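Q: Take a look at this one; I'll ask things after.
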Amino acid sequence: MWKITPLHVGSVTTIAGGLIMKHGAKSNPGELVKIPHIAWLLENPVSKRTILVDSGADNDNARNSKLHNPVDRSQGKHILEALAQKGYSAKDIDAIIVTHLHWDHAQAIVDLPKTLPVFCQREELLFAVDPYPTDAKHYETRATDRLPYFLQFYHQYHLLDGEETIEPGLSVVPLPGHSNGSQGVVVETAKGLFVIAGDLINIRANWEQRMPGGIYNNIASYFESFKRLEALEKQGAVILPAHDFWVFDNYPVIG
Ligand SMILES: [Zn+2]
């Protein structure tokens, strides 16, 4: 059984339509919302293993605000500070799982020990290296000022091909749609099964309304991934969104 602690690793202001499509609803295309970046600390008291799911963004707030969305680090901290606030350091981490390689989920891996394995779907790395032009920005694949972050930890990848068990009570399930190699992390806790769904489910409303986010590269895959989540929910799983303050309000600690 694992314990899950969501870590608030920054906030950004972004367009609401990026989080959820609003077909058929009255929408304001310019509507802005503030959302959290979330990393997830998983601890197993029996095996003494500590796994980090996603990392949040690095500390170059000015660059990130320019390339992506305005970053607010007064709310939520860089992963090293967020860990310290909970009484942990980078040395306590045994491995990292990435839901996908977008900047706001994987950038700060470069600030963590270079020896940590990074569990990532092979499809995701392939896509990050050669994304559709519309997706390149999210990976900084064509940034010219420095090597893309996801290539700076190339030696750490443990590439996965589909559903796999990472540790007892901890597995991954492919959830493509938001990106080719997005994966959910399925965690057994004393409170039952939880799925860290990555950006397939930005906010709870994506799940409650079965409505995709505005950032996707394959809408057919997106709906297939909803079905995969439905099967997990039928087993009792709680679906955790990636960018919703609902997480901190309802699940400050799980298990
Ligand atoms: Zn994403």
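Q: State the number of residues belonging to segment 142-182 that are under 21 Å from residue 200 (Cβ atoms) and touching a helix residue (DSSP H, G or I) at 6+ places or on another chain (Cβ under 8 Å).
A: Residues meeting the conditions: 14.
Q: How about segment 181-206: which of its residues are touching a His at 6+ places or on another chain (Cβ under 8 Å), of a type outside the set (Asp, Glu) and under 11 Å from residue 100 (Cβ atoms)? Steps first, answer last, please.
A: Looking only at segment 181-206, we keep the residues that are touching a His at 6+ places or on another chain (Cβ under 8 Å), and these are 181-183, 198-200, 202-203.
This time we only want the ones that are of a type outside the set (Asp, Glu), so: 181-183, 198, 200, 202-203.
Across segment 181-206, the qualifying residues are 181, 182, 183, 198, 200.
Q: Can you find a residue that is at pLDDT 95 or above, assigned to a loop (DSSP other than H, G, I, E, B) and not aromatic (Phe, Trp, Tyr) anywhere in segment 29-45?
A: yes
Q: Mind listing whichever residues of segment 200-212 are more than 14 Å from the chain's Cα centre (by Cα) and within 13 Å of the ligand (Cβ to nearest atom)?
A: Within segment 200-212, 206, 212 meet the criteria.
Q: Check whether at least one residue in segment 191-199 is more than 18 Å from the chain's Cα centre (by Cα), touching a residue at least 60 places away in the same chain (Cβ under 8 Å) and either under 24 Å from residue 255 (Cβ atoms) or crowded, with 20+ Cβ neighbours inside 10 Å (or both), and report yes or no.
A: yes
Q: OK, next. For residue 17, work out the one condition from (1) in a loop (DSSP other than H, G, I, E, B); (2) at pLDDT below 90 it doesn't fulfil.
A: The single condition residue 17 does not satisfy is (1).
Q: Same structure again: How many of the residues in segment 220-241 are touching a Gly at 6+ places or on another chain (Cβ under 8 Å) and within 15 Å of the ligand (Cβ to nearest atom)?
A: Qualifying residue count, segment 220-241: 3.
The values are calculated or read from the model by the stated rules, or taken from the named source; none is laboratory data. Values in this document were obtained by computation on a predicted structure and should not be read as measured data. All Cβ positions, glycine included, derive from the backbone under ideal geometry; neighbour counts span all protein chains shown.
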